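K.L.:
Mind having a look at this structure? Questions to follow.
Rule-based calculations on the coordinates, nothing more; no lab input. These numbers were taken from a predicted model, which means no experiment stands behind them. Here the Cβ positions follow ideal geometry from the backbone for every residue, glycine too, while neighbour counts run over all protein chains shown.
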Amino acid sequence: MGNNILLGHGSGGKLSHKLIKELFFTYFDNPILKLQTDSALLTLERSTIAFTTDSYVVDPLFFSGGNIGKLAVCGTINDIAVSGAIPQYISASFIIEEGFSLKELERIVSSMAHEAKKAGVLIVTGDTKVVNKGQCDKLFINTSGIGILDDKYKSISTGETIQAGDKIIINGSIGDHGMSIMAARNFGNFKTEIKTDCASLNHMIKEILDTKCLVKFMRDATRGGIATILCELTESKNIGIEIDESTVAVNENVCGMCELLGFDPFYIANEGKIILIASAKDADRIVDVMRRNEFGRTSAIIGEVVNNHHGKAVLKTGIGGKRIIDMLADEQLPRIC
């Protein structure tokens, strides 16, 4: 195939077929993809499905603990899983700049295949386009995902059953992904201890739901961090939320980089963290289940839904004060995912 992507790899001719057969089919191999139909023919067990799509333009493509491919698969899986659905199938489409390294593309595709296998999903269809040098920044990936949803979990996406007294839970420290990207951008090969939290959380979420505990809401805290989720939720549901700052974990190195660059960890992107709201009677049990999973070792209850200051999220600070958690006015960290 050579060492770099050529315009001919996007032509639909011999180079295209060679790339698809020797790279994508090799790593994404499964019976549905092998049929090579224009549309993947899928069999779903239930009539209700969860469907999501996202595009990934992260810069740089490689960072500590991950790359754009792993990020694309994990992000799509998590979007489905937090709705209460079981992820089943993913599509993957690539927009590649002419001259891009085939070795780097293989690293990315290999990581996607590895992550999909761990999560138990199939990459069943996709597309490849090659554009002239300078018309795309190396590589963009679009993914879509489908999952099957049990009707009893339909309210999780909307949070329509949330009420005062419910507890707010997170499965670990915040800001790791965003600061790993900033470290890669600003310090290049300089070694830092900050590693992305990028992970597929569908198995942990299934373990939670299998307990039959009353989960009322889930959302993955990606762009805008946990602060954005809390603001969106309070505004859309006209509820009040109070968060105890002392219970929200921030790794020491992440905290240091945030201070260095002038960022608030509450607004920094995560790619392996969920905000979950559950009834007070089930919260401790849910935390116990999460802590038994590799991606939830430091899970904690960080706040609760309250019956005052409706439409606002309030942070109880470590020095005993309170401040309103506001929505960001603009993009804090562009091209973070």
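K.L.:
Report, for segment 154-325, the % of DSSP beta bridges that are antiparallel, rounded to 5.
P.N.:
Here the antiparallel bridges make up roughly 85 percent for segment 154-325.
K.L.:
What is the packing order of peptides 205-212, 94-101, 26-33, taking the mean over residues of other C-beta atoms within 10 Å and listing the highest first?
P.N.:
Sorting 205-212, 94-101, 26-33 by mean packing, highest first, produces 94-101, 205-212, 26-33.
K.L.:
When ranked by the protection proxy of mean other Cβ atoms within 10 Å per residue, highest first, what sequence do the peptides 308-319, 104-115 form?
P.N.:
104-115, 308-319
K.L.:
Just to check I understand the Karplus step: with θ = phi - 60° and J = 6.51 cos²θ - 1.76 cosθ + 1.60, what whole-Hz values come out for segment 164-181, glycine and proline as x?
P.N.:
In residue order, the calculated couplings are 4, x, 5, 9, 10, 10, 10, 9, x, 6, 10, x, 4, 5, x, 6, 5, 5 Hz.
K.L.:
OK, next. Using 1/(1 + (r/R0)^6) with R0 = 25 angstrom and r between the beta carbons of Lys152 and Thr43, what's the FRET efficiency to the nearest 0.05?
P.N.:
Efficiency for this residue pair is about 0.70.
K.L.:
In units of 2.2 N^0.38 Å, what is the alpha-carbon radius of gyration of the chain?
P.N.:
Relative to the 2.2 N^0.38 Å estimate, the chain comes out at 1.03.
K.L.:
Taking amide H positions as placed in the peptide plane 1.01 Å from N, state which residues far from Gly240 in sequence (5 or more) or on other chains have amide H under 5 Å from it.
P.N.:
Val306, Asn308, Gly311
K.L.:
Rounded to whole Å, give me the distance from the Cα center of segment 279-295 to that of segment 106-130.
P.N.:
For segment 279-295 versus segment 106-130, the Cα centre distance is 31 Å.
K.L.:
Mind checking segment 9-56 for trypsin sites (Lys or Arg not before Pro) that DSSP puts in a loop (not H, G, I, E or B) and that have at most 10 other Cβ atoms within 10 Å?
P.N.:
The qualifying sites: there are none.
K.L.:
Holding the Cα-Cα limit at 22 Å, pick out from Lys216/Lys312; Lys212/Lys237; Lys118/Lys212; Lys154/Lys195; Lys167/Lys322; Lys70/Lys216 the pairs that are longer than that.
P.N.:
Listed pairs above 22 Å: Lys212/Lys237; Lys118/Lys212; Lys154/Lys195; Lys70/Lys216.
K.L.:
What are the ³J(HN,Hα) values, in whole Hz, obtained from phi via the Karplus relation 6.51 cos²θ - 1.76 cosθ + 1.60 with θ = phi - 60°, for each residue of segment 282-298 in sequence order, with x given for Gly and Pro?
P.N.:
Whole-Hz 3J(HN,Hα) from phi for segment 282-298: 9, 4, 5, 5, 4, 4, 4, 5, 4, 5, 7, 9, 4, 9, x, 4, 10.
K.L.:
With 10 angstrom as the radius, rank Glu304, Glu193 by how many other C-beta atoms surround their C-beta, starting from the fewest.
P.N.:
Ascending Cβ contact count within 10 Å gives the list Glu193, Glu304.
K.L.:
Could you let me know the centre-to-centre spacing of segment 41-57 and segment 70-104, using Cα atoms, in angstrom?
P.N.:
One Cα centre to the other: 13 Å.
K.L.:
Okay, next question. Once the piece of chain linking Glu22 and His203 is laid out straight, how much longer is it, given 0.36 nm per residue of separation minus the C-alpha distance between them?
P.N.:
62.1 nm
K.L.:
Could you list the chymotrypsin sites (Phe, Trp or Tyr not before Pro) in segment 175-246 that lie in coil according to DSSP, counting only those with at most 11 other Cβ atoms within 10 Å of their Cβ?
P.N.:
In loop regions of segment 175-246 (DSSP not H, G, I, E or B), the sparsely surrounded chymotrypsin sites (Phe, Trp or Tyr not before Pro) are Phe190.
K.L.:
Considering the zone a paramagnetic label at Ser110 would reach in this model (a point 7 Å from Cα along the Cα-to-Cβ line), which residues of segment 135-172 have amide N under 18 Å from it?
P.N.:
Zone members listed by number: none at all.
K.L.:
Do you know the relative contact order of segment 38-94, to the nearest whole percent, from alpha carbon pairs under 8 angstrom that are 6+ apart?
P.N.:
That works out to 31 percent.
K.L.:
Over the alpha carbons of segment 7-149, what is the largest minus smallest coordinate on each principal axis, giving the biggest first in Å?
P.N.:
Answer, in whole Å and largest first: 44, 35, 23 Å.
K.L.:
Residues with amide H under 5 Å of Ile302's amide H, sequence separation 5 or more or different chain, H placed in the peptide plane at 1.01 Å from N; which?
P.N.:
Ile168, Ile169, Ile170
K.L.:
Something else about it: For Cys255 and Arg335, FRET efficiency with R0 = 30 Å and r from the beta-carbon atoms, rounded to 0.05?
P.N.:
Efficiency for this residue pair is about 0.85.
K.L.:
Amide H to amide H, which residues 5 or more places from Asn4 or on other chains are under 5 Å from it, using H placed in the peptide plane?
P.N.:
Here the answer is Leu102, since their amide H atoms fall under 5 Å of that of Asn4.
K.L.:
Let me ask something additional. Any aspartates and glutamates with Cα under 13 Å of the Lys103 Cα? List them, leaving off those in the same chain fewer than 8 positions away.
P.N.:
Filter leaves Glu22.
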